[in-house]
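The values are calculated or read from the model by the stated rules, or taken from the named source; none is laboratory data. Note that the coordinates shown come from a computational prediction; the quantities given were computed from them, not determined experimentally. FYI the Cβ positions are ideal-geometry reconstructions off the backbone, even for glycines, and counts take in every protein chain you see. Just so you know, the surface numbers come from the protein's heavy atoms only, side chains and all, with ligands and any DNA or RNA stripped out. Shrake-Rupley method; radii C 1.70, N 1.55, O 1.52, S 1.80 Å.
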Amino acid sequence: MKRLGTFLIALTMTASMVSCSSKSSSSTNEQDKEFYGRGRTVGIALPAQNLERWNRDGAFLKEQFEAVGCKVDLKYADNDKDKQIEDVQSMIDEGVQLLLIAAVDKDNLSHTLNNAKEAGIPVVAYDRLIMNTDAVTYYVSFDNYMVGTIQGQYIEEKLKFNETDNTYNIEFVGGDELDNNARFFFNGAYDYLSSYINSGKLNIVSGKNTFEQVATEEWSTDNARNNMKQVLADNYSDGKTLDAVICANDSTALGVTEAVQSNYSGSNHPLIVGQDGDVENLKNIVDGSQDMTVFKNVNDEAKVTLEICKLILSNETPSVSLLENLHVNVKYDTSSYNNGVKYIQSYLLAPYAVDKDNLQSLVDTGIYKWDSNNKYLEIAK
Ligand code: GAL
């Protein structure tokens, strides 16, 4: 309650300094009334609901902002970059006091965000960086390069690269090229494994060794399945062993798992790793058809985002020290994410590997619960 009180006082003070909306109010009293009555409005533009994690992000962000008196305009763009432009412009026209955006397309929001800047609306890039605009002040995400590194480390550990003279065959499955994160995921994994690839210990039999060659449009499970079926048909139909597939997230890992189950003729189980902790993939981890997912606690991401947004709306400058009371492992970074205009002040949370041995850690986050048979995980609410 103390923090809420502090927040309301800070926002009241701000209300007299800056317009509560892009529409000017006639007097401070009206601003206070508007502020106390309706609170502030935050526009939250997310990419899609068919990608499971964004439903968790949206629900938790909305809940957290409403809990501190904000109204929330939450919109999902169905992975349609043009619809997202309409979503964001409608929020600007509505006069929101802050925009929180996870971009469908990293490159196509520049013009729209210039409109936000002209309207005096601060913009926070959420989870995915937005390119070629100076309207973005802060970026809150996870260490996306680390996501890939963790995947590479997992493969190295489970296949015991350093304990045998064996060589191994692996394939990469990337994310959507429109998503700035996807390249970071691929680079993190590829860079970690590059010494093994260069020495011949690891073979990418398909020869697909660049992000562009392994990208998956819209992160689609169908596209990942079809692409993997083609890779298997072209390169593994002669009985060659496939030892591991590194998938940029769980929706693509789902497609890869289905392709391996239906079209891989080898006798071994290729290691399959993903990201996000999607419920269907967690079932596959319990059943053994997927091996690991890199988990990112999106509730923590939302908490850090809320704290930064509260400070922005209070005309304070967020810094990591102000986030300490959140008890979240977050690092402040000003040198990893250049959006084509400037290095964006970034707050990066820490991902970690989840497999059948530490599924309980997901329940401990409060996001998941065990099902009635104590066998599979479900979303807790
Ligand atoms: C990325 C996000 C990942 C993954 C993917 C598909 O930007 O960081 O967690 O879910 O989008 O939504």
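Take every Cα-Cα pair in region 144-295 and report what % of them are more than 22 Å apart.
Pairs farther apart than 22 Å: 31 percent.
Which of 277, 239, 58 moves most in a GNM of the chain, Cα contacts under 10 Å?
239
For every other residue with a beta carbon closer than 11 angstrom to the beta carbon of residue 305, add +1 if it is Lys or Arg and -1 if Asp or Glu, then tell me the sum.
Local charge sum for residue 305: -3.
Taking the Cβ-Cβ separation of residue 241 and residue 49 as r and a Förster radius of 41 Å, what is the calculated FRET efficiency to the nearest 0.05?
After rounding to 0.05, the efficiency reads 0.60.
Quick check: with the 1.4 Å probe, what order do 53, 183, 225 take by accessible area, largest first?
Final ranking, largest accessible area leading: 183, 225, 53.
Provide the per residue accessible area, probe 1.4 Å, for region 144-295, rounded to a whole number of square angstrom.
In whole numbers, region 144-295 has 38 Å² accessible per residue.
Rank these residues by their accessible area, most exposed first, probe 1.4 Å: 206, 262.
262, 206
What do you get for the angle between helix 250-263 and the principal long axis of the chain? Use alpha-carbon atoms, 0 to 90 degrees, nearest ten.
20 degrees
For the chain, what is the percent of antiparallel DSSP beta bridges, rounded to the nearest 5?
Around 25 percent antiparallel, to the nearest 5.
Along the principal axes of its C-alpha atoms, what lengths does the chain span, in descending order and rounded to whole Å?
Principal axes ranked by extent give 77, 44, 33 Å for the Cα atoms.
What order, most packed first, do the peptides 316-326, 150-160 have when packing is the mean number of other Cβ atoms within 10 Å of each residue?
So the order, starting with the most tightly packed, is 150-160, 316-326.
State the percentage of accessible surface on region 285-375 attributable to carbon and sulfur atoms; use a 1.4 Å probe and exclude ligands, DNA and RNA.
Answer for region 285-375 is 44 percent, counting heavy atoms of protein chains only.
Using the Cα centre of the chain as the reference point, and only Cβ charges (+1 on K/R, -1 on D/E), how large is the resulting charge dipole? Debye, rounded to the nearest 20.
860 debye
Can you pick out the pairs among 283/331; 310/331; 81/117; 62/375; 75/303; 75/117 whose Cα atoms lie more than 23 Å from each other?
Pairs exceeding 23 Å: 283/331; 62/375.
What FRET efficiency, computed as 1/(1 + (r/R0)^6) with R0 = 56 Å and r the Cβ-Cβ distance, is obtained for residue 363 and residue 118, rounded to the nearest 0.05?
With a Förster radius of 56 Å, E is 0.75.
For region 144-295, with only Lys/Arg (+1) and Asp/Glu (-1) charged at the beta-carbon, what is the dipole magnitude about the Cα centre, in debye rounded to 20?
Magnitude of the dipole: close to 400 debye.
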